[in-house]
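One structure is given here, and the rest of the page talks about it.
The values are calculated or read from the model by the stated rules, or taken from the named source; none is laboratory data. What you see is a predicted model; the values in this text were computed from it and never measured. Cβ sites come from the backbone with ideal geometry, for glycine too, and all protein chains shown count toward neighbours. Just the protein is used for accessible areas: all its heavy atoms, side chains included, with ligands, DNA and RNA removed. Shrake-Rupley method; radii C 1.70, N 1.55, O 1.52, S 1.80 Å.
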Amino acid sequence: MISKERLAKEYKWVHKNTTTMSGGTTVKNKDKIKTVIDKINPISVLDYGCGKGWQYTRNEIHKEWNIPMPTLYDPYVEEYSKLPTYSSKYFDMVLCVDVMEHILPEEVDEVLHQVFFLGNFVYFHIDTKPAIKEFSCGTNFHISLHDKDWWINKLNEYGTNYHADFE
């Protein structure tokens with residue numbers, strides 16, 4: 001298994017030097033996400049694990065959804081690496097698209113706690129199969145691979161105020 005330090009180094013390199021992790025999954029699933037947004041009608045949105053954020057800065061997907069520009073967070077992208085503190089920001093909705101399968105297995109619980117704590121409602125898109133890409137060390141990009149039932153059971157440990165799509 002890849003170490004936390006190596007994973008951080010690899011993700012930072014990928015974000016800085018490639019077009020991978022640029023928000024394409026969000027754009028690809030924009031209609032599914034829009035259906036959930038229309039039901040929730042959020043005023044404030046956090047994209048947790050936004051990658052490069054191109055889904056907003058280049059594609060302006062939030063305008064199609066008729067919502068304000070989301071707050072962007074990704075620990076491996078310098079300009080988005082500061083997570084809003086729990087006491088200062090609470091969001092109507094948190095988007096967590098193509099994130100959970102990239103989290104170290106031993107950190108899944110911590111991330112889910114953060115995500116559910118930061119928002120009133122969470123939209124998840126989780127991939128359940130290996131990624132096409134691998135890190136330079138040969139580790140698959142999807143390091144937390146589980147089936148849909150496993151993820152639903154795990155998500156339910158933290159709350160039921162969510163919608164999850166699986167691929």
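So which of 9/148; 28/63; 52/82; 82/129; 12/133 end up more than 18 Å apart, counting from Cα to Cα?
9/148; 82/129
Sequence-distant or interchain residues sharing an amide H contact under 5 Å with residue 164, placed H: which?
Residues meeting the criterion, in which the H sits 1.01 Å from N, are 124.
Tell me the angle of helix 4-17 to the major Cα principal axis of the chain, expressed in degrees between 0 and 90 and rounded to the nearest ten.
Tilt relative to the chain: about 70 degrees.
Heavy atoms of the protein only, probe of 1.4 Å, neighbouring chains included. What is the accessible area of residue 163 in Å², nearest 10?
Solvent-accessible area, nearest 10 Å²: 70 Å².
Starting at the first residue of segment 124-133, write each ³J(HN,Hα) from the Karplus equation 6.51 cos²θ - 1.76 cosθ + 1.60 with θ = phi - 60°, in whole Hz, x for Gly and Pro.
Working through the residues one at a time gives 10, 10, 10, 8, 10, 10, x, 6, 6, 8 Hz.
At 1.4 Å probe size, with every protein chain present, just tell me what the per residue accessible area of the chain comes to in Å².
52 Å²
Does anyone have the angle between helix 108-118 and the longest principal axis of the chain? Alpha-carbon axes, 0 to 90°, nearest 10?
Taking the Cα atoms of the chain, the angle to 108-118 is about 20 degrees.
Which cross-chain or sequence-distant (5 or more) residues have an amide H under 5 Å from the amide H of residue 91, H modelled 1.01 Å from N in plane?
The answer is 119, 120.
Treating only the Cβ of Lys, Arg, Asp and Glu as charged (+1, +1, -1, -1), what charge dipole size does segment 20-163 show about its Cα centre? Round to the nearest 20 debye.
480 debye
Just the number, please: carbon plus sulfur as a percent of the accessible area of the chain, 1.4 Å probe, no ligands or DNA/RNA counted.
49 percent
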